[in-house]
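Input: a single structure, listed below in structure tokens.
Read-outs throughout are calculated quantities, based only on the coordinates presented, and are distinct from any laboratory measurement. Not measured: the values here are computed from a predicted model. Virtual Cβ from ideal backbone geometry, glycine too; neighbours counted across all protein chains shown.
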Amino acid sequence: MGSAVIVNGGNYLYNLLLGRLLGPEAFADAALLVTLLLVLSFVGMTFQLATTKFAVLFSGETWTAFKNSMYKYALIFGLFTGTIVLLFSKSLQALFHTQNHWMFVLFAVAIPLYFIMSVNRGRFQGGQEFVKLAGTYQTEMWSRLLLTFVFLWFIPLEPGILIAIGIGLSFLFGLFPSDLKGIKLFSKSQLAGDNLKQVWVFIGLTAGYELTQIIINNSDVLLVKHFFNAVDAGLYASLALIGRVVYFVAWMFVMLLMPTVMQKQKDGEPTAPVLFKYVFFIGGLSSLIVIMCYLMPETIINLMFGEAYISVAGLLWQYALATSLFAVSNIFAYYFLSLNQYAPVILSGIIGLSQVVLITLYHSSLTIVVQMQIIAMIILLVAQLLFFIHKNKKVTV
């Protein structure tokens, strides 16, 4: 958790410095790349969480076969995804009104590295090797932070291109530390029928849930980039970055929640107390952040991004509220995912799509965009709470 605080702080500093250095208009392109990185990270989490889960459950030859399979799947999917982004780079430029398409090309080339790195992290997380897990996050964050600004200060190219290069190189550094000895991508050793089915069911449902995370957490920034001009998109990106500090804090707890819940379930111990503890932590921190954003929005925005972004100060507490509701509901979702209960995946998917529909229909101003998200997140949290109550009534009966 100490490492996660440093990594999230470094990533935050990275975004803040980009915003101050580039200004709202140029920051819109930079924020788009950062958002695509977040999208990529959620897809990578499918590989990481699957590896985490089965690192706890499998051992011996079964674990070896699973591990080799995950690296092979990660490489194949990474090459496929990178190729798609590469082929549609010019279409992405037109869709998001960026200055060039080369930023998407460079981003695409680095994608396979990210998925391999995600499998590494899943092995460390599932084995509770938190020092190594912390190390891979540290190398990725520090290399991206330092290299990006060296490039921006000394290389006279478009900022989007330089930021894409920095992101790609950070994936390479994020492979350290790694433990790739004995990995055989084309090993003849395969998982048995029941184990293979269990793995694919979990990967499929986790991928479905991670897709809803992409939609809920990033669709607003992408839609604003499409519907609004570059200045408004840059202003909104700064608002989203500050408000999402709640989610970054919540993710530190999720990293510890999943292996703990799975181990307690395996040992036949009650898991609900773990959930209550983490909901209490996230709820308390979220409330504090929302209150601070309500009481001193102009001070916060001025300190973080500067006076050029001050016009969105009035929306800060509302965006923080939407993110807080999402963060708490997310704790419930990952708790149920750890217990192989997948109804929350469907709930999140429905709400995620409804958020996209609401923003697409109602986007006359940035205020309306934020308020549509608050409505969607209230519905999501209530749905998660009702599902938890329903499940616990069944257990009691």
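Annotations
- Projected-area mean, the range 163-213, by convex hull of Cα positions, square nanometres: 6.0 nm²
- Local electrostatic count at residue 205 - Lys and Arg +1, Asp and Glu -1, tallied over other residues with Cβ under 14 Å: +1
- Rg(Cα)/(2.2 N^0.38 Å) for the range 298-355, N = residue count: 1.60
- Once the C-beta distance of residue 196 and residue 175 is scaled by a Förster radius of 35 Å, the resulting FRET efficiency is 0.80 to the nearest 0.05.
- Check: the chain dipole with +1 on Lys, Arg Cβ and -1 on Asp, Glu Cβ, in debye: 1120 debye
- The calculated 222 nm mean residue ellipticity attributable to helices in the chain amounts to -29500 deg cm²/dmol, summing -39500 (n - 2.57) over DSSP H runs of n ≥ 4 and dividing by all residues.
- Of the DSSP H helices in the chain, those whose Cα atoms cover at least 24 Å axially and whose Kyte score averages 1.0 or more: 2-57, 102-126, 245-266, 272-295, 316-338, 343-361, 366-396
- Of 23, 193, 204, the one that fluctuates the most in a GNM where the chain has Cα springs shorter than 10 Å: 193
- The range 55-106 and the range 265-315: distance between their alpha carbon centers, rounded to Å: 31 Å
- Shape of the range 327-372, Cα gyration tensor, a/c cut at 1.5: oblate
- Note on the range 2-386: Kirkwood radius taken over Cα pairs, Stokes-Einstein applied at 37 °C and 0.692 mPa s, translational D equal to 154 µm² s⁻¹.
- GNM flexibility winner over the chain from 84, 282, 374 (Cα, springs under 10 Å): 84
- Each Cα pair of the range 1-43 feeds into the Kirkwood radius, which the Stokes-Einstein equation turns, at 10 °C and 1.306 mPa s, into a diffusion coefficient of 142 µm²/s.
- For the range 153-299, fraction of C-alpha pairs farther apart than 28 Å, in %: 48 percent
- Extension gain, residue 186 to residue 269: 0.36 nm times the residue separation minus the Cα-Cα distance gives 26.0 nm.
- Gyration tensor verdict on the range 196-274 (Cα atoms; rounded if a/c is under 1.5, prolate if a/b is larger than b/c, oblate otherwise): oblate
- For the chain, modelled as a GNM whose springs connect Cα atoms under 10 angstrom apart, the maximal fluctuation among 201, 345, 249 occurs at 201.
- When the C-alpha to C-alpha distance is required to be over 19 Å, the pairs from 53/188; 53/266; 132/197; 53/277; 72/264; 72/197 that qualify are 53/188; 132/197; 53/277; 72/264.
- When the Cα gyration tensor is reduced to axis lengths a ≥ b ≥ c, the ratio a/c is 1.5 or higher for the range 48-149, and with a/b not above b/c it is classed as oblate.
- Size check on the range 290-329: the Cα extents along the three principal axes, sorted descending, read 34, 16, 14 Å.
- Excluding same-chain neighbours fewer than eight residues apart, the aspartates and glutamates reachable from residue 225 by a Cα-Cα span under 15 Å are 25, 29.
- Charge context of residue 99, other residues only, Cβ under 11 angstrom, K/R +1, D/E -1: -3
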